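Quick one: the structure is below, questions incoming.
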Amino acid sequence: MDKSKRPFPKSKRPFPKSKRSFRRRLPPIQSGDRIDYRNMSLISRFISEQGKILSRRVNKLTLKQQRLITIAIKQARILSLLPFLNNEKQFERTESTSRTTGLRPRNK
């Protein structure tokens with residue numbers, strides 16, 4: 001019997017690994033960029049449409065950069081440079097008929 005305990009010989013694997021090449025993405029913050037509450041073009045890249053601070057995994061930042069971005073966003077919010085909530089899309093309340101469908105108008 002074969003000495004190795006593998007069910008398949010090395011050359012006949014059922015699912016060969018694919019060698020995918022990938023392009024290394026550029027870091028979102030360049031070395032010359034200053035993380036500051038006044039740098040609105042930089043800060044606005046790390047905020048969602050709802051006004052939430054995006055996570056470090058989404059931003060692809062280092063831990064130190066994420067902390068500095070978070071502090072800068074909070075300072076900008078306090079100084080009214082950024083809104084706490086982005087309410088550009090106001091909730092449009094249409095007259096819902098679902099509540100009143102079961103009710104009939106009273107005749108007195």
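Scan region 21-37 and report the pairs whose first residue is under 23 Å from L82 (Cβ atoms) and whose second residue is outside any loop (DSSP other than H, G, I, E, B) and aromatic (F, W, Y), with Cβ atoms within less than 8 Å and a gap of 6+ or a chain change.
Pairs that qualify, where the first residue is under 23 Å from L82 (Cβ atoms) and the partner is outside any loop (DSSP other than H, G, I, E, B) and aromatic (F, W, Y), are P28/F46.
Write out, first by first residue and then by second, each pair whose Cβ atoms fall under 9 Å of each other, whose residues are 6+ apart or on separate chains, and whose first residue, in region 52-64, is among the hydroxyl-bearing types (S, T, Y) while the second is open to solvent by less than 100 Å² (accessible area, probe 1.4 Å).
Going by the 9 Å Cβ cut-off, the qualifying pairs are S55/Q66; T62/P27; T62/I29.
The values are calculated or read from the model by the stated rules, or taken from the named source; none is laboratory data. None of these values were measured; they are calculated from a predicted model. With ideal geometry, Cβ positions are generated from the backbone for all residues, glycine too; neighbour counts draw on all protein chains shown. To get the accessible areas, we keep the full protein, side chains included, count just its heavy atoms, and leave off ligands, DNA and RNA. Shrake-Rupley method; radii C 1.70, N 1.55, O 1.52, S 1.80 Å.
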